[in-house]
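What follows is a short report on a single structure.
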Amino acid sequence: MAVTWKDKLQGVIRDDWAREIDSFEAQIALRKNGKIEERVFAETRLRRGTYGQRYDNGQRHDGVASQKLPYQPLTKGPDTMWDAPGMQRIKIPFGGFTPTQMRVLADLAEEYSDNICHVTTRQDIQLHYIHIEDTPSIFRRLAAVGITTREACGNSVRNVTACPIAGVCNTETFDVTPYAKATAFYLLGHPDTQDFGRKFKIAFSGCKHEACGLVSLHDLGGIAVKRTIDGKEKRGFEIYVGGGLGAVPHQAKLMFDFVAEEDLLPLSRAIGRVFAKLGEKKNRQKARLKFVVQKLGIEEFKRVVVEEWQKMPEDPSWRKFFDEIPRYEEKPREQIVSIGLPNKPEGYDKWAQTNVYRQRQAGFATVTVTLPLGDLTADQMRKLADLTHKFASDHARTTVEQNIVLRWVKEEQVPALYAELKKINLAQPGAGTIVDVVSCPGTDTCKLGIASSRGLAGELRSRFLAKENELSEEVRKLHIKISGCFNSCGQHHVSDIGFYGNSRNIGNYQVPHFQVMIGGKWHDNAGSYGLAIGSIPSKAIPTVVNRLTEKYVAERQTEESFQNFCTRLGKKSLKTLIDDLAKVPPHSADASFYTDWGDPREFTIGDMGVGECAGEVISLVDFGFTAADSEAFEAQLLLDDGKLHEAEEMAYKTMLTAAKTLVQLQWQDAPTDADSVVREFKTRLVDTKLFWDPYHAGQFANYLLNRHAEGPDARYTKDTVHKIVEEANLFIDAAHKAHAKYQQSLNLLGNN
Amino acid sequence: MESHKFAIKFFTQSASAPQPKEFVPVFHHWIQQHLIPNHLLIDVADYAHVPQGPGTVLVSHEAIFSIDQEGGRPGLHYFRRQPFADAHTFDQRLRTAFRATLGACALLENDPAFAGRLKFRTDEILFRIHDRLLAPNTPEVFAQIKPQLQELANKLLAAPVTLEHRGKSEDLMEVIIRSAGSPSVSDLASRLG
């Protein structure tokens with residue numbers, strides 16, 4: 001039998017992550033055997049960042065007609081074919097990664113994907129066209145270098161983001177990096193963040209007035225502040241809640257103007273618990289935290305959170321993460337040695353203007369590597385890893401503008417770094433300027449995409465590059481962000497000029513359009529959202545950009561920002577400027593309007609699928625039973641492999657998991673150690689005869705009770721272990737029946 | 001050799017080869033007409049904005065075809081991702097992968113969109129195995145695959161052939177197949193049978 005990554009990385013991956021991946025692999029096998037419901041499997045894979053991709057429902061419009069893609073009938077979620085390639089999102093907390101991690105990402109892109117690593121608007125890395133069967137190997141290779149994809153999607157705490165120049169910034173209050181890291185890992189897999197009705201996004205900023213971490217558009221955000229308390233300076237955070245973009249954008253509201261650093265993690269947990277309790281579970285359109293905050297009002301929300309904070313069971317584990325914070329340190333590898341400025345390579349000055357940031361630490365710079373549309377090849381990623389090691393003391397971060405920054409570069413070595421970046425085609429100037437267009441994947445790969453955001457972004461970028469030398473300074477400073485639909489993954493609301501895709505029916509045709517948004521504020525942590533001024537055919541959008549920027553240059557008052565310019569002229573006036581562009585020529589006159597950028601097929605929205613971003617709302621009971629099922633499956637595999645001790649232990653664990661699931665139905669915060677689980681199981685389920693069979697009485701319960709009380713059968717023969725593996729399966733069946741009985745009793749109570 | 005994750009690249013003959021974007025409608029047409037046998041063609045991805053990247057990509061369930069621009073040397077790149085249904089030995093898998101690659105090359109050469117502007121060289125062929133687990137880039141693995149690769153190359157090119165093992169240990173297994181002659185892709189395809 002061929003060696004596997006599981007064999008090869010044995011002992012390299014931390015135990016809990018290795019167990020999770022083994023369990024996911026078992027769930028893949030169970031799904032293939034039809035033993036897990038597709039909805040449960042969908043949410044299971046989504047919580048590991050394994051998404052569906054466009055056309056995964058087995059239908060694709062080829063420009064002439066909708067064709068069926070003849071996949072095998074197995075599904076990996078509702079209307080999601082097993083064999084259809086998907087997207088793997090990889091969480092990179094605060095965007096920070098090491099050269100070793102970068103090299104593994106490059107290897108994965110090369111071996112499982114289309115050779116491209118894509119940086120997202122939330123500092124993740126995405127690989128596209130991934131086969132579900134490859135995901136356990138991908139997870140193991142990532143876990144071996146300290147990366148987990150757990151909760152990269154689904155109704156969970158998503159990647160915790162932070163300002164990419166945190167720690168080296170000239171204006172920050174303090175470095176928020178270790179706080180972002182602590183929050184990310186404290187909440188990762190935390191029991192109180194497993195029962196959300198929707199995703200939950202967190203960001204940290206070191207400055208209030210820069211764009212920084214874009215706190216205003218997050219469910220929970222912290223901006224670093226300091227206070228003097230009892231004569232001592234204390235670190236803490238302004239805490240904002242209930243922000244979010246999407247179809248109904250909300251600015252986050254200030255909840256606390258100062259939360260001491262030691263309260264950050266418990267408060268985050270309390271907010272998570274309130275979201276789990278009060279957040280909508282059925283209507284996903286209303287399920288984000290912003291709707292809870294809106295419904296209750298910020299004061300009531302705050303009261304509810306504080307009440308929860310005070311009464312929630314103690315969870316001392318936060319201390320471990322908090323105690324790591326002072327130990328976090330990022331520094332250059334060696335003492336700076338001045339060697340004087342070497343000759344500047346051609347193009348250096350222009351590049352340095354936009355791509356080099358002088359750090360707070362004298363003599364060091366942070367260099368932005370501009371990535372067109374957030375993409376780089378595996379080879380570029382690998383070579384960038386080498387440069388990160390050579391020039392940046394191993395410190396690189398992804399940015400929400402879909403670039404990568406290298407930190408701690410000695411100023412005198414920046415020209416040499418530029419020369420090296422040039423060799424790998426990564427020395428494009430214009431970081432953070434109008435050329436550096438940001439875009440979500442849109443119709444390229446996203447199931448929800450309506451119009452081609454990447455196609456438009458590529459087109460605008462090419463046009464700006466072609467006339468780069470003609471762009472005035474004020475235009476160069478503008479930001480353009482594009483989303484393929486109203487869900488706002490391209491963050492179009494917080495851009496000077498933003499677009500989101502929609503469609504219009506013209507005669508018998510559909511025509512790709514983009515809604516034009518103007519005047520969104522990027523700085524002040526995404527301080528305000530833009531105004532919609534009209535939907536324009538996709539092919540006329542470059543003209544929209546020309547007209548808006550030309551008018552800005554012509555009529556701008558001294559030092560007037562684009563936001564102020566838009567406010568002064570007003571929505572009506574700016575709409576008038578582009579109104580004529582809304583007209584679509586007849587198909588017979590210009591068929592190009594009826595196709596999208598970069599896609600020659602006649603445009604249709606018939607390929608849109610059901611988005612998976614919202615995840616599947618699966619109850620904790622379903623998850624618990626699925627985990628027990630997969631443990632039972634693993635126990636069987638271990639038994640088959642002759643690993644009798646491990647199989648016996650796994651069978652026992654299976655019963656504990658099923659019992660714990662039932663106990664938590666009645667007591668969410670029940671302790672999870674084996675003694676407590678068994679005690680509570682006996683009291684709440686066995687003594688009450690909920691876990692009780694009309695023919696076998698308490699026999700199934702006794703499988704667990706006896707094993708727990710007496711320990712394993714010390715003979716460890718194939719027969720004795722086989723017996724307990726069988727018992728574990730029977731125990732799961734009985735647990736399902738007990739759950740049904742419990743539900744029935746609740747319904748009866750409800751009916752009364 | 002248990003891996004199936006072969007990649008084969010045939011380079012274009014001249015620098016005046018069509019630009020990657022020109023392949024977008026061609027690949028869409030292939031999907032419409034199901035032009036690649038034994039491949040479930042799914043979608044086209046445009047990476048023209050990535051310098052020396054995969055150019056234009058045609059995704060199928062079984063493999064990824066791309067107009068790869070790596071090293072500034074465009075070519076048709078075939079990357080097999082799924083096991084071969086009826087090819088069990090290394091030799092059978094090699095032949096199947098070459099057959100698919102040559103078939104795609106021939107289709108492109110004959111596509112009216114390129115009107116004779118596109119020809120592939122056959123005097124230099126890139127062969128890789130995208131599988132660091134089962135085919136690490138070591139002299140041992142090269143020694144293991146060389147005899148059958150050499151035999152197939154000899155048959156295909158019908159001329160003296162050299163195999164050059166390249167790259168560092170952390171890279172993919174990579175072999176350059178070189179020959180003195182450069183027969184047409186259709187000749188190669190016919191020799192493959």
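What to note about this one:
- Qualifying lysines (Cα of each under 27 Å from Cα of residue A:410; at least 8 residues distant if same chain): A:181, A:331, A:344, A:350, A:383, A:390, A:422, A:423, A:477
- Kirkwood Rh in Å, taken over all unlike Cα pairs in chain A: 27.8 Å
- Here is how the number arises for chain A: DSSP H runs of 4 or more residues each give -39500 (n - 2.57), the sum is divided by the residue count, and the result at 222 nm is -12500 deg cm²/dmol.
- Close lysine pairs were tallied over chain B: pairs 8 or more places apart or on different chains with Cα atoms under 18 Å apart number 7.
- Comparing B:71, B:181, B:167 in a Gaussian network model of chain B where C-alpha atoms under 10 Å apart are linked, the largest mean-square fluctuation is found at B:71.
- Label positions at residue A:620 and residue B:191, each projected 7 Å from the Cα along the C-beta direction, are separated by 6.7 nm.
- Here the spin labels are modelled as points 7 Å beyond Cα on the Cα-Cβ line, and at residue B:169 and residue A:743 they lie 5.6 nm apart.
- Amide H partners (placed H, <5 Å) of residue A:513, local residues excluded: A:502, A:503, A:504, A:538
- Averaged over its residues, the protein assembly as shown has an accessible area of 39 Å² per residue, based on protein heavy atoms and a 1.4 Å probe.
- Efficiency of FRET between residue B:107 and residue A:66 - r from beta-carbon atoms, R0 22 angstrom, step 0.05: 0.35
- Sparsely packed GluC sites (Glu not before Pro) within the stretch A:254-321, loop by DSSP, other Cβ within 10 Å at most 11: A:314
- Of the GluC sites (Glu not before Pro) found in the stretch B:1-79, the ones in coil according to DSSP and having at most 16 other Cβ atoms within 10 Å of their Cβ are B:2.
- Potential extension, residue A:718-residue A:228 segment - 0.36 nm per residue separation minus Cα distance: 169.7 nm
- Working note: Karplus 6.51/-1.76/1.60 with θ = phi - 60° gives the stretch A:23-37 the couplings 5, 5, 5, 5, 5, 4, 4, 5, 5, 5, 8, x, 8, 10, 5 Hz, where Gly and Pro are set to x.
- Using 0.36 nm per residue and subtracting the Cα-Cα separation, the extra length available between residue A:185 and residue A:674 on full extension is 173.6 nm.
- Residues of the stretch A:310-325 with amide N under 15 Å of the 7 Å Cα→Cβ point at residue A:14: A:317-325
- Estimated vicinal HN-Hα couplings, Hz - the stretch A:688-703 in sequence order (Karplus 6.51, -1.76, 1.60; Gly, Pro = x): 8, 6, 6, 8, 7, 9, x, 9, 9, 6, x, 4, 5, 4, 5, 3
- In order along the stretch A:669-683, the Karplus-derived 3J(HN,Hα) couplings, from 6.51 cos²θ - 1.76 cosθ + 1.60 at θ = phi - 60°, round to 9, 4, x, 10, 6, 4, 4, 5, 4, 5, 4, 5, 4, 5, 5 Hz, and Gly and Pro are given as x.
- Shielding by partners, peptide B:37-46 (average Cβ within 10 angstrom, other chains): 5
- Partner lysines for residue A:295 [C-alpha distance under 24 Å; skip if fewer than 8 residues away on the same chain]: A:199, A:201, A:253, A:277, A:281, A:282, A:286, A:311
- Proximal lysines to residue A:643, defined as alpha-carbon separation beneath 17 angstrom and excluding residues fewer than eight positions away on the same chain: A:6, A:653, A:718, A:723
- Extension gain, residue A:572 to residue A:145, is 148.4 nm, computed as 0.36 nm per intervening residue step minus the present C-alpha separation.
- Loop-resident GluC sites (Glu not before Pro) (DSSP state other than H, G, I, E or B) in the stretch A:458-563 with no more than 15 further Cβ atoms inside 10 Å of their Cβ: A:559, A:560.
- Accessible heavy-atom area order of B:78, A:71, highest first, probe of 1.4 Å: A:71, B:78
- Anisotropy class of the stretch A:443-532 from Cα gyration tensor, a/c 1.5 cut: oblate
- Relative contact order, percent, chain B [alpha-carbon distance under 8 Å, six or more residues apart]: 24 percent
- Between A and B, roughly 3300 Å² of accessible area is buried in total, ligands, DNA and RNA not counted and the probe set to 1.4 Å.
The values are calculated or read from the model by the stated rules, or taken from the named source; none is laboratory data. Just so you know, these numbers come straight off a predicted model, no measurement behind them. Because the Cβ atoms are built from the backbone with ideal geometry, glycine has one as well, and the counts that use them run over all protein chains shown. What goes into the accessible areas is simple: the full protein's heavy atoms, side chains included, and nothing from ligands, DNA or RNA. Shrake-Rupley method; radii C 1.70, N 1.55, O 1.52, S 1.80 Å.
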